[in-house]
Amino acid sequence: MARANRHFLPGQVWHITHRCHKQEYLLKFAKDRKHWIDWLYEAKKRYGLCVLNYIVTSNHIHLLVKDTKEGVIPNSMQLIASRTAQMYNQRKKRKGAYWEDRYHATAIENDQHLFQCLVYIDMNMVRAGVVAHPKDWLHSGYHEIQKPPKRYAIIDINELMQLAGSKQIESLQEAHQQWIVTMLERETHQRQSYWSESVAVGSKHYIERMQSQLGVRGKGRDCIAEGLHYILKEPESSYSAHFIPEKGGLSE
């Protein structure tokens, strides 16, 4: 399998996915999903990680972040992944890899694509057939967006409001709810691999600009139309996920 894509550019929004080793359900217990979230909060405190959304499933995670400073995202991901694995392995007296390869990062254009990706993350466990609505899955950013906590907040609501062009949080929350309703009404819950497997997703102009900015790293990658989106594909797919409805863990 190809090494996970980790091209970082200042100010860029990234959709990060990271799967457990061999697709094992190492996050199936709520306590382990909570540990991952706790370390996400610690990464925000320690490095200033700008989090826009997240979800922890039974065997993989999704994280939507904005790159604000060089090294913040890789340092944060190293902290979260290593500490989550360490805590699990110590408790289970387990040895060996916890995560499968390195995490994958897809660049997302800061327009409607960003919010389609945000809702795609929210809908993960709906696609897996585990819950009927994102509100029914506890370990996600959906709840923070709808009811921001007074303490220990992870999602940068102000940054999300700015990206959405919302001056009031109520406007952001209402729009967020409407995006969810639209997705539920369309019943389009199937996995859309380009959000997790591409180098970048956005308009044609954005993809061409990203390819230019990546320089040699953009060579050998195709810009193709995918429905209403354009994507910059990897030369070789980094992920090969399969839907396993009976366990409800793997959807991406």
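Side notes on the structure shown:
- Burial ordering of 221, 151, 94, fewest other beta-carbon atoms within 10 Å first: 151, 94, 221
- By the count of other C-beta atoms within 10 Å, a proxy for reagent exposure, 198, 212 are ordered fewest to most as 212, 198.
- Listed peptides 70-76, 118-124, 223-229 by packing density, highest first (mean Cβ within 10 Å): 118-124, 70-76, 223-229
- Eligible aspartates and glutamates near residue 150 by straight Cα distance, threshold 17 Å, same-chain separation 8 or greater: 38, 42, 159, 170
- Where GluC sites (Glu not before Pro) fall in DSSP loop in the range 104-199, at most 16 other Cβ within 10 Å: 187
- Listed by chain and number, the aspartates and glutamates whose alpha-carbon sits under 15 Å from that of residue 135, ignoring those within fewer than 8 places in the same chain, are 122, 144, 174.
- Antiparallel DSSP beta bridges within the chain, percent to nearest 5: 90
- q = 0.11, 0.17 Å⁻¹: log10 I(q)/I(0) that the Debye formula gives for the range 1-105, counting C-alpha atoms only: -0.31, -0.74
- Ellipticity estimate at 222 nm from DSSP helix runs (n ≥ 4, -39,500 (n - 2.57)) divided over the chain, nearest 500: -12000 deg cm²/dmol
- Subtracting the Cα-Cα distance of residue 29 and residue 152 from their residue separation scaled by 0.36 nm leaves 42.1 nm.
- Which listed pairs, of 28/95; 22/93; 34/92; 44/93; 34/93, have C-alpha distances above 24 Å, in listed order: 44/93
- This ranking places 87, 77, 125 by how few other beta-carbon atoms lie within 10 Å of each, fewest first, which gives 87, 77, 125.
- Two-decimal ratio, the range 13-197, of alpha-carbon radius of gyration to 2.2 N^0.38 Å: 0.99
The numbers here are math on the coordinates, done by the rules we state, and not lab data. Note that the coordinates shown come from a computational prediction; the quantities given were computed from them, not determined experimentally. FYI the Cβ positions are ideal-geometry reconstructions off the backbone, even for glycines, and counts take in every protein chain you see.
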